[in-house]
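Some notes on the structure that comes next.
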Amino acid sequence: MSNRLQGKTAFVTAAGQGIGRATAEAFAREGAKVIATDLSTELLEGLQGQASVVVEKLDALDATAIADAARRHANVDILFNAAGFVHHGSVLDCTEDEWQFAFDLNVRSMYRTTKAFLPGMLARGNGSIVNVASGASSVKAAANRFVYAATKAAVIGLTKSVAIDFITKGVRCNAICPGTVESPSLRERMTALAKKSGQSYEQVEAMFVGRQPMGRLGTADEIAAMAVYLASDESRFTTGTTMLVDGGWSL
């Protein structure tokens, strides 16, 4: 199939790299007009110049900037919330500031974007909101993912609440729960963990790969494929779900 998103407009956060980048590109390939946003405009340079893609700087922690973006892009059909941060550590390692930052970026940003773009979707009687949650959430516990898992469990609760409140209004809301996915941010976390733990980079990499039952990391394109499905009319009978794309990690 092709042009599965023809005629639709998608707003994507954290589109500079990883899952957000792969999803913005996949949406564009499928015919959508894409507003690709990120805090770093340098990361968006590879998307700039594509006919169906508009790139914009957006701080996902800035409520005013989010509200302004929704006013300027009043006809968004698809909202893809990818902005997030992974904190490493247990409850004993998590400071008050780290707790605050994690919830602000991983959860409050989704609350703000949803609240900003939902009225336009409701006015048109159609829309799809797709949130990036995680297998490390209310789905499954993961070691040293205390505040991250707490935020992603909150994302799942947020997703289900939005879904049920607007189920008769033509707006759907679903979450994708990835396993461990190859990305620049994952590689940065591997490097930091190796330095902190005294292990080699190769040992840390083997640990991340080893916890995936399929014996490999997922790819951002594999997550993006699910995002296209949830954004498209093919999934019009699907709402409030947590779509696991985790290589069997949650089994």
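Only residues that are touching a helix residue (DSSP H, G or I) at 6+ places or on another chain (Cβ under 8 Å), within 19 Å of I156 (Cβ to Cβ) and small (G, A, S): list them for the stretch 195-250, please.
Scanning the stretch 195-250 gives A227, A231, S235, G240.
Among helices (runs of 4 or more DSSP H) lying entirely in the stretch 156-242, which contain 1 or more residues that are modelled with pLDDT of 95 or more and surrounded by fewer than 16 Cβ atoms within 10 Å (Cβ to Cβ)? If you could, list the steps in order and put the result at the bottom.
Numbers: elements: 184-197, 201-210, 220-231.
Where helices (runs of 4 or more DSSP H) fall fully within the stretch 156-242 and carry at least 1 residues being modelled with pLDDT of 95 or more and surrounded by fewer than 16 Cβ atoms within 10 Å (Cβ to Cβ), they are 220-231.
Quick check: anything in the stretch 51-72 touching a strand residue (DSSP E or B) at 6+ places or on another chain (Cβ under 6 Å) and not aliphatic (A, V, I, L, M)? Break it down stepwise before answering.
Going residue by residue through the stretch 51-72, those that are touching a strand residue (DSSP E or B) at 6+ places or on another chain (Cβ under 6 Å) are 52-56, 58.
Next, only the ones that are not aliphatic (A, V, I, L, M) stay: 52, 56.
Yes, that holds for at least one residue.
Filter the stretch 1-23 for residues that are within 20 Å of S134 (Cβ to Cβ) and either touching a Pro at 6+ places or on another chain (Cβ under 7 Å) or among the hydrophobic types (A, V, I, L, M, F, W, C) (or both) and give the result. Spell out the reasoning first.
Of the stretch 1-23, the ones within 20 Å of S134 (Cβ to Cβ) are 12-23.
Within the stretch 1-23, V12, A14, A15, Q17, G18, I19, A22 qualify.
Check A163, A149, A194 and return the single one that is farther than 18 Å from I19 by Cβ and without any contact (Cβ under 8 Å) to a residue 60 or more places away in the chain. Step through it out loud before you land on a result.
Working: A163 fails: without any contact (Cβ under 8 Å) to a residue 60 or more places away in the chain; A149 fails: farther than 18 Å from I19 by Cβ.
After applying the criteria, what remains is A194.
Can you pull out the residues in the stretch 17-29 that are under 14 Å from L39 (Cα atoms) and surrounded by 24 or more Cβ atoms within 10 Å (Cβ to Cβ)?
G20, R21
What pairs can you find where one residue is in the stretch 78-100 and in the same structural domain as G31 (by TED's automatic domain parsing), the other is basic (K, R) and surrounded by fewer than 15 Cβ atoms within 10 Å (Cβ to Cβ), and their Cβ atoms are less than 9 Å apart, with a gap of 6+ or different chains?
The qualifying pairs are H88/K196.
Could we say that A116 is among the aliphatic types (A, V, I, L, M), touching a residue at least 40 places away in the same chain (Cβ under 8 Å) and in contact with a Ser or Thr (Cβ under 9 Å, 6 or more places away or on another chain) here? Working first, answer last.
Numbers: among the aliphatic types (A, V, I, L, M): yes; touching a residue at least 40 places away in the same chain (Cβ under 8 Å): yes; in contact with a Ser or Thr (Cβ under 9 Å, 6 or more places away or on another chain): no.
So A116 fails the test.
Which of (1) modelled with pLDDT of 95 or more; (2) more than 24 Å from T9 (Cβ to Cβ); (3) assigned to a loop (DSSP other than H, G, I, E, B); (4) out of contact with any His (no Cβ under 7 Å at 6 or more places or on another chain) is the odd one out, the single condition A143 does not satisfy?
Only one criterion is unmet by A143, namely (1).
The values are calculated or read from the model by the stated rules, or taken from the named source; none is laboratory data. In this text, all values refer to a predicted model and were calculated from it rather than measured experimentally. Cβ coordinates were reconstructed from backbone atoms using ideal geometry, including for glycine residues, and neighbour counts include every protein chain displayed.
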